[in-house]
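*Asks:* Quick one: structure below, then a few questions.
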Amino acid sequence: MALLENGRPVPDRWTFVPDGVPLPLDGPVIVTLSRLRREAEDLRGRPPGVLPPDVRPPSARFLGVKLTSAELAPEVAEFLDLLSLVAVEFPKFRDGRGFSTARELRERYGFRGEIRAVGHTLPDQYRFLLRCGFDTVEMPDDRDPAAWAAALEGIGIAYQPAMDAAAPVSLLRRRLAAGGGA
């Protein structure tokens, strides 16, 4: 899988470690929520480290969690202080629960680490993923990254406020009515 950030491929230094497989002593790892719950105390003692500066986000921990579409933000909230990455699974492109999970992680729980979309997503959803708080998206290797980059060049007007910097159209209308520029 290729990893995209801001429409461009970036290196993925994270490794998903399935349940039952021993964790490496160092390096960034992603575990399941069930493993995180079972091994939380051991994982709290996991040696901190510093990721290279080109890895998002800088963090003192090498720990991430992968949430299935049925595992929502409140279920991981108590562990967010341990995490520098939350991977949110999309089992089908039409399953929108991941959008809500990302937004809730950012807005309700103040999670500042990386949120990654994994599974079935489409280039058409890319702008919406970013607006909801996702930083990175796993893209199948057989897909063209140019299609994802092009998705960011489409419509730039937003109707609702979100996690990105795009001003909603209602704010633009008020600025124009007040004699200000867009």
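*Asks:* Just to check I understand the Karplus step: with θ = phi - 60° and J = 6.51 cos²θ - 1.76 cosθ + 1.60, what whole-Hz values come out for segment 81-92, glycine and proline as x?
*Replies:* Once rounded to whole Hz, the list reads 5, 8, 9, 10, 8, 10, 9, 10, 7, 10, x, 9.
*Asks:* How large is Rg/Rh for segment 2-155, to two decimals, with Cα atoms and a Kirkwood Rh?
*Replies:* On the way: Rg = 15.0 Å, Rh = 15.8 Å.
Result: Rg/Rh = 0.95.
*Asks:* Oh, and also: What is the magnitude of the charge dipole of segment 2-155 about its Cα centre, with +1 placed on the Cβ of each Lys and Arg, -1 on the Cβ of each Asp and Glu, and no other charges, expressed in debye to the nearest 20?
*Replies:* 300 debye
We did not get these values from a lab; they are worked out from the coordinates using the rules stated. This structure is a prediction, so every number in the text was calculated from the model and none was measured. With ideal geometry, Cβ positions are generated from the backbone for all residues, glycine too; neighbour counts draw on all protein chains shown.
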